[in-house]
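A.B. asks: Take this structure, written in structure tokens, and hold onto it; I'll ask about it next.
The values are calculated or read from the model by the stated rules, or taken from the named source; none is laboratory data. Remember, predicted model here, so these are calculated numbers, not experimental data. Neighbour counts are summed over all protein chains in view; Cβ atoms, including those assigned to glycine, are modelled from backbone coordinates with ideal geometry. Surface areas here come from the heavy atoms of the whole protein model, side chains and all, with no ligands, DNA or RNA. Shrake-Rupley method; radii C 1.70, N 1.55, O 1.52, S 1.80 Å.
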Amino acid sequence: MNAPTPKPWIAAISPYVPGRSTADDGRKVHKLSSNENPLGTSPAARAAFVAAAASLDRYPDAAAHDLRAAIADKFGLEPARVIHGTGSDELLHLAAGAYAGVGDEVLYVRYGFSVYPIAARRVGAEPVEADDRDYATDVDALLAAVTDRTRVVFVANPNNPTGTYTSRAELARLHGALPADCLLVVDQAYTEYLEPEDDDGALDLARTAANVLVTRTFSKIHGLAAERIGWAYGPAAAMEAMHKIRAPFNVSTAGQAAAVAALGDDDFVRASHDHNLEWRTWFEGEIAALGNAGLRAVPSKANFVLVLFEGALTAETAYKGLMERGYIVRWLPNQGLAHGLRITIGTEAEVRAIAEALREMAGAAA
Ligand code: PMP
């Protein structure tokens with residue numbers, strides 16, 4: 001029987017797997033699987049969101065004028081070159097959609113963000129994975145994988161799920177050696193967790209280069225994941241193309257208002273950053289102390305840590321043990337990381353409980 005057939009490149013997509021929020025038995029658990037903010041949301045952003053309930057009958061501002069103006073103001077950017085998205089996810093898809101298609105290649109590093117291959121295949125392009133260097137982005141491997149069909153290169157910095165970081169010099173070297181007709185997308189979803197001296201310079205590059213796009217999100221440090229708000233900065237030509245293919249009303253009125261308020265709440269951002277630094281550092285120390293049991297933390301600059309299990313205690317056993325104790329983390333066998341767990345830095349109590357559980361399980365497995 002004849003039936004409509006999805007395009008073969010769509011059929012080839014492995015679906016995105018979101019972080020779980022319930023245990024195998026349906027229990028609600030501590031969710032440390034999606035890199036959300038354990039401090040919640042800025043009170044100012046929440047108040048702006050609530051106030052927007054007064055205008056539910058109207059479409060949102062399709063141009064997100066106030067939000068784009070606030071972003072431009074905050075970072076010293078040209079408002080016309082800021083674009084808003086339904087999360088930065090949409091912007092990654094728009095970048096691929098505007099610049100890649102059938103016969104083209106989209107390049108990223110192995111253990112990169114799992115949306116990149118989906119964004120590539122969705123538009124009929126071929127995803128190409130470059131080798132990592134001990135889980136981190138390897139600029140030489142990326143450059144070696146560039147062909148005359150490479151149209152888009154995605155680099156997350158810090159990277160998810162590894163937490164690894166690419167320096168300003170390395171990023172500049174990558175950009176400098178890429179063909180001019182290849183769009184470099186620097187995905188800065190976790191950039192606010194970096195220390196000021198670790199600024200990777202991507203926004204500076206995007207100010208002047210004709211082939212650099214930077215994406216940002218309100219989902220992580222701003223604690224607005226539920227509202228789906230991201231933004232990007234890039235060349236005027238990229239903006240023109242991406243606006244044509246984005247959904248017209250892609251960020252809700254409440255989302256736009258909450259994001260503007262969140263941008264103004266420096267105290268909340270600072271508190272979130274400081275909490276993360278303190279407890280990520282503490283947690284990495286705890287994992288280092290379990291080195292003799294084969295546990296190792298990939299050095300992270302994000303709000304999560306990728307813990308590798310190379311001894312008697314396996315990642316799968318630890319994943320299940322944590323779930324039994326009421327904590328869901330991210331086990332990533334589908335991303336070639338069957339030996340790793342990506343653990344979001346939660347509240348102090350959550351981080352302490354995870355460390356305690358891992359210590360217990362590593363001891364029991366020895
Ligand atoms: N990029 C990276 C590296 C991410 O980890 C995420 C969220 N998991 C995103 C982009 C997308 O986030 P959002 O759509 O919520 O902005």
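A.B. asks: Give, in nm to one decimal, the length gained when the segment between A177 and L56 is fully stretched (0.36 nm per residue of separation minus the Cα-Cα distance).
C.D. replies: Contour length minus Cα-Cα distance gives 38.7 nm.
A.B. asks: Compare A261, A48, A62 in a GNM of the chain, Cα atoms joined below 10 Å, and give the one with the largest fluctuation.
C.D. replies: Among A261, A48, A62, the largest mean-square fluctuation in the Gaussian network model of the chain belongs to A62.
A.B. asks: Right, something else. Show that you can apply the helix-only estimate: for the chain, add -39,500 (n - 2.57) for every DSSP H stretch of four or more residues, divide by all residues, and state [θ] at 222 nm to the nearest 500.
C.D. replies: -11500 deg cm²/dmol
A.B. asks: Note the full-extension length gain between E360 and E310 as 0.36 nm times their separation in residues minus their Cα-Cα distance, in nm to one decimal.
C.D. replies: Length difference between fully extended and current span is 16.4 nm.
A.B. asks: While we're on this one: Exactly which trypsin sites (Lys or Arg not before Pro) in segment 190-230 are in a DSSP loop and have at most 11 other Cβ atoms within 10 Å?
C.D. replies: When the trypsin sites (Lys or Arg not before Pro) of segment 190-230 are filtered for loop state and at most 11 Cβ neighbours within 10 Å, nothing remains.
A.B. asks: Also, I was wondering about something else. I'm checking a number: the convex hull volume of the Cα atoms of segment 103-215, normalised per residue, in Å³. What is it?
C.D. replies: Normalising the Cα hull of segment 103-215 by residue number yields 92 Å³.
A.B. asks: Per residue, what accessible area does the chain have, given a 1.4 Å probe and all protein chains present, in Å²?
C.D. replies: That works out to 43 Å² for each residue.
A.B. asks: Counting only other residues whose beta carbon sits under 11 Å from that of G340, what net charge do I get with K and R as +1, D and E as -1?
C.D. replies: Summing Lys/Arg as +1 and Asp/Glu as -1 gives +1.
A.B. asks: Projected onto the charge dipole of segment 43-264 (+1 at Lys/Arg Cβ, -1 at Asp/Glu Cβ, origin at the Cα centre), which of G97, N159, G255 gives the Cα projection farthest towards the positive end?
C.D. replies: G255
A.B. asks: Given N276, V329, I13, which one lies farthest toward the positive end of the charge dipole of the chain, if we put +1 on the Cβ of every Lys and Arg and -1 on the Cβ of every Asp and Glu?
C.D. replies: I13
A.B. asks: Can I ask one more? With labels modelled as points extended 7 Å from the Cα through the Cβ direction, what inter-label distance (nm, one decimal) is found for R20 paired with N334?
C.D. replies: Modelled inter-label distance: 1.3 nm.
A.B. asks: Calculate what fraction, in whole %, of the accessible area of the chain sits on carbon and sulfur atoms when a 1.4 Å probe is rolled over the protein chains.
C.D. replies: 55
A.B. asks: Let me ask another. Apply 1/(1 + (r/R0)^6) to the Cβ-Cβ distance of K320 and S167, taking R0 = 30 Å, and write down the FRET efficiency to the nearest 0.05.
C.D. replies: Using R0 = 30 Å, I get an efficiency of 0.20.
A.B. asks: Next question. Can you tell me how much longer the chain between H243 and I10 gets when fully stretched, taken as 0.36 nm per residue apart minus their C-alpha distance, in nm with one decimal?
C.D. replies: 81.6 nm
A.B. asks: Also: Under a plain spin-label model, where a point goes 7 Å from the Cα along Cα-to-Cβ, how far apart in nm are A69 and D199?
C.D. replies: 2.5
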